[in-house]
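Everything on this sheet refers to the single structure shown next.
Nothing in this text is a laboratory measurement; each read-out follows from the coordinates by a stated rule. Note that the structure is a prediction, hence the values are computed from the model and not measured. Virtual Cβ from ideal backbone geometry, glycine too; neighbours counted across all protein chains shown.
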Amino acid sequence: MTPKTLPFDAADGIETADDVAYFLEAAFEDANAAHIATALGVVARAGGMTELAEKTGLSRQALYKALSADGNPSLDTVLRVMGALGLHLTVKTPQAA
């Protein structure tokens, strides 16, 4: 008998502002643009793409495209999304090992 699998969507596990912050912090640690765009897309879906589109002034379609695994959002888009989520980017030096 073949085991039955269920679809997984990380957006289902993002419910609080802390969830959003921790999820995105982990994505940014990889320094992989595609991973960051996808993570922002997951957070956007978790909170509602329509609401995020209204807050950013971008269309839902533009957000879905930019925040997909194949997307390549501009810095402006990333900053708008982060601002709409109540977050901001910061720079810090690496911790001494």
Thr5, Thr77 arranged by Cβ crowding within 10 Å, fewest neighbours leading | Thr5, Thr77
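Report, to one decimal in Å, the Kirkwood hydrodynamic radius for region 14-70 based on all distinct Cα pairs. The partial results should precede the final answer.
Values: mean 1/r = 0.0876 Å⁻¹.
It is 11.4 Å.
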Projected label distance in nm at Tyr22 and Glu54, using a 7 Å step from Cα toward the beta-carbon = 2.9
Would you mind working out the magnitude of the charge dipole of region 14-97 relative to its Cα centre, with +1 at each Lys and Arg C-beta and -1 at each Asp and Glu C-beta, to the nearest 20 Debye?
-> 280
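Got a sec? How would His35, His88 order by Cβ neighbour count within 10 Å, fewest to most?
On the way: His35 15, His88 8.
Going from least to most buried by this count: His88, His35.
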How high is the relative contact order of the chain, given as a whole-number percent (alpha carbon pairs under 8 Å, six or more residues apart)?
-> 24
